[in-house]
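**Student:** Below is a structure I'd like to ask you about.
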Amino acid sequence: MSFKNRKKNYPLYETTKFSDFREMTENVAAKYPDKCAFVYKNEPKQKTPERITFTECRDLVRALATELHFMKVENKKIAIIGVASVEWFMSYTALMSVGAVTVPVDKELPAEDAASILNTAECEIVFASASAWAKVKETVALCPSVKLSVIMGYGSDAIEGENTVTFDNLVSAGKEKLEAGDRSYFDYKIDNEKLASIVFTSGTTGKGKGVMLSLKNICSDMEQGMYNFNITERTLFALPPHHTFGSTVNFVGHFAQGCEVYISSGIRYIMEELNSFKPTHLILVPLFVETFYKRIMSAAEKSGQLPKLTKGIKISNALRKVGIDLREKLFGKSVLSKFGGELKMIICGGAALNQSIIDFFESIGVVILNGYGITECAPLISCNRNECRKQGSVGLPIIGGVVKIDNPNENGEGEICYRGPNVMLGYYQNEEATREVIDSEGYFHTGDMGYVKVIDGDQWLYITGRIKNLIILSNGKNVYPEEIETDIQGIYGVGEVVVYEGESKSGNKSDLIVAEIYPDFDSLKLHGIEDAEAYFNAEVKKVNEKNASYKHVGLVKIRNEEFPKNTSRKITRFKLDKTVD
């Protein structure tokens, strides 16, 4: 695959057309009957992984959906809780192919929080991974509307209880009906515009909402999105399946295209899995990419190879300008072999990613396609393209989507608004909140600030920051904390950083910009830095010198533990103590 960066005349890629999950499942099995769809291990220590073809997945969906139709699940709210697995994905697919409404729930939530979601949605059935059953059982006990629990995956046979049944038993019962001539699954008329899934956002600024998505929202997002970029043959699923970036992009988008997906056993096993599975591209959130970057730099520093790596990158970049690409030769064994040796691309979204990290990976031979999405848009809105990328941009809107900037200032910055077939139906049982974000023209107001730059006739989207995070100083100046955070992230030894306006004990604003830093203490130790506060004060002062005076950080706070995060690994800013006196 070529990854040169074209400026114009870049054609669209082929896409797979499908309007619902039944069409998706049937089509991919017909096109790739014997091709492997998923590779996985029942247990992390299992030596030889399991493999399942697209035809076998199709047969699973057919059987499960037939039994679910017999159980009259149409329009019922059904929760899915657990680890990423074939059973999770096939349940998600089959349920929405017979008119049920899925409610994907994070397995990491406390039982009480998960129960709140199930009770709000009035779920009647829960599909739960066997490995998560202990907590899910506590959740179900708090949900009077739940009448049945379906236990999925390895170890499900060992779980017995009242009102429980295994995924395998449902599949077996459905298979018998199919073999006896039951055509209910194929005859069921799918309405792809009705409510199909409720995704409760985890929220980084407070309580989340129930985002109502249709099959049209989800399927069009991937059908239209895949015109923009070209995935490779093999990837690894390391995202939470309940999150739309995982369920829509990493599952639906890749399954529909016939991509082979290795299902990760968890964060602690990823490096081992990369080495054994050798993916050709990855779908990741910035936290993973940043972790990989720090791992590479730390290993090079500890081994004394950092000067060699830095020099190699400079030489390589210079040669690439004259058409000579030696990245595989220079970095294949020393760096890329640690990621399996065949990694060529990373599609990254979910939060901002420092441009210097994007540039670093491209320098060693891994292209990062930075994108932008939000749960309410199922989620993909824009993405850089394989051979058409702009520094600092989150790319071009997907085909069929339109971006506008609402109430732009003198710099063209305003709220990013988006209209397209992937915009949600609304918030569950919250018409007022829905009216606040979807205007009369059908544009969804994202809550993100940004601007559009027209280059070679294309509209490139740039994000400035989140409106709720915006600091408005007493002199009327606007400060986007994300911009300053990006600058500070470039300082050696920064693990995590959050920038905000400090508050007095009475809660009043102070006009004092605070940078709260959680250091990478191991890196500081490696350089003999013992006084983290003095070191970061000096480094942040250098950042201040590059920025306008009103953007200057006035106080550096050092913390000794990670910032609180939601289950999507985003920092929950509303939980921070912002007092400065």
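The values are calculated or read from the model by the stated rules, or taken from the named source; none is laboratory data. Predicted model only: the values in this text are computed from it and were never measured. Virtual Cβ from ideal backbone geometry, glycine too; neighbours counted across all protein chains shown.
**Student:** What do you reckon, is residue 426 closer than 30 Å to residue 192 by Cα, outside the structural domain of residue 117 (by TED's automatic domain parsing) and surrounded by fewer than 16 Cβ atoms within 10 Å (Cβ to Cβ)?
**Tutor:** When the stated conditions are applied, residue 426 does not pass them.
**Student:** Show the residue pairs meeting these rules: Cβ distance below 7 Å; 6+ apart or different chains; first residue within region 1-30 and within 18 Å of residue 54 (Cα to Cα) and basic (Lys, Arg); second residue in a loop (DSSP other than H, G, I, E, B) and at pLDDT 85 or above.
**Tutor:** 22/190
**Student:** Could you tell me whether residue 464 is part of a strand (DSSP E or B), of a type in the set (Ser, Thr, Tyr) and in contact with a Phe, Trp or Tyr (Cβ under 8 Å, 6 or more places away or on another chain)?
**Tutor:** yes
**Student:** Moving on to the next point. Can you tell me which of 191, 221 is among the charged types (D, E, K, R) and out of contact with any strand residue (DSSP E or B) (no Cβ under 7 Å at 6 or more places or on another chain)?
**Tutor:** Unique residue meeting the criteria: 191.
**Student:** Right, next: Condition first: among the acidic types (Asp, Glu), assigned by TED's automatic domain parsing to the domain that holds residue 545 and within 22 Å of the chain's Cα centre (by Cα). Can you find one or more residues in region 466-482 that meet it?
**Tutor:** Within region 466-482, one or more residues are among the acidic types (Asp, Glu), assigned by TED's automatic domain parsing to the domain that holds residue 545 and within 22 Å of the chain's Cα centre (by Cα).
Results for (1) touching a Cys at 6+ places or on another chain (Cβ under 7 Å); (2) buried (at least 24 other Cβ atoms within 10 Å of the Cβ); (3) among the hydroxyl-bearing types (Ser, Thr, Tyr); (4) within 17 Å of residue 290 (Cβ to Cβ), shown as yes or no for each residue.
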{"site": "336", "(1), (2), (3), (4)": "no, no, no, no"}
{"site": "341", "(1), (2), (3), (4)": "no, no, no, no"}
{"site": "351", "(1), (2), (3), (4)": "no, no, no, yes"}
{"site": "360", "(1), (2), (3), (4)": "no, no, no, yes"}
{"site": "364", "(1), (2), (3), (4)": "no, no, no, yes"}
{"site": "373", "(1), (2), (3), (4)": "no, yes, no, no"}
{"site": "376", "(1), (2), (3), (4)": "no, yes, no, no"}
{"site": "382", "(1), (2), (3), (4)": "no, yes, yes, no"}
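**Student:** Next question, about the same structure. Return yes when residue 154 is aromatic (Phe, Trp, Tyr), within 30 Å of the chain's Cα centre (by Cα) and in the same structural domain as residue 61 (by TED's automatic domain parsing) and no when it is not.
**Tutor:** yes
**Student:** Does region 144-166 contain at least one residue that is acidic (Asp, Glu) and under 25 Å from residue 569 (Cα atoms)?
**Tutor:** There is no residue in region 144-166 that is acidic (Asp, Glu) and under 25 Å from residue 569 (Cα atoms).
**Student:** Moving to a separate point now. Please determine whether any residue of region 490-509 is more than 30 Å from residue 101 (Cα to Cα), of a type in the set (Asp, Glu) and assigned to a helix (DSSP H, G or I).
**Tutor:** Within region 490-509 (the criterion being more than 30 Å from residue 101 (Cα to Cα), of a type in the set (Asp, Glu) and assigned to a helix (DSSP H, G or I)), the answer is no, since none of the residues qualifies.
**Student:** Could you pull out every one of the strands (runs of 3 or more DSSP E) wholly within region 1-83 that has 3 or more residues that are under 30 Å from residue 385 (Cα atoms)?
**Tutor:** 36-40
**Student:** Out of curiosity, is residue 552 surrounded by 14 or more Cβ atoms within 10 Å (Cβ to Cβ) and farther than 30 Å from residue 375 by Cβ?
**Tutor:** yes
**Student:** Let me ask something additional. Would you check which residues across region 173-193 are closer than 12 Å to residue 64 by Cα and in contact (Cβ under 8 Å) with a residue 60 or more places away in the chain and list them?
**Tutor:** 173, 174, 175, 177, 178, 184, 185 - these are the residues of region 173-193 that are closer than 12 Å to residue 64 by Cα and in contact (Cβ under 8 Å) with a residue 60 or more places away in the chain.
**Student:** Right, next: What is the number of the single condition among (1) at pLDDT 95 or above; (2) touching a Lys or Arg at 6+ places or on another chain (Cβ under 8 Å) that residue 229 does not meet?
**Tutor:** Failing condition for residue 229: (1).
**Student:** Moving on to the next point. Tally time: how many residues in region 174-196 are surrounded by fewer than 17 Cβ atoms within 10 Å (Cβ to Cβ), under 36 Å from the mean Cα position of the chain (by Cα) and more than 29 Å from residue 221 (Cβ to Cβ)?
**Tutor:** 0
**Student:** What single numbered condition from (1) in contact (Cβ under 8 Å) with a residue 40 or more places away in the chain; (2) of a type in the set (D, E, K, R); (3) surrounded by fewer than 18 Cβ atoms within 10 Å (Cβ to Cβ) fails to hold for residue 216?
**Tutor:** With (1) in contact (Cβ under 8 Å) with a residue 40 or more places away in the chain; (2) of a type in the set (D, E, K, R); (3) surrounded by fewer than 18 Cβ atoms within 10 Å (Cβ to Cβ) applied to residue 216, the lone miss is (3).
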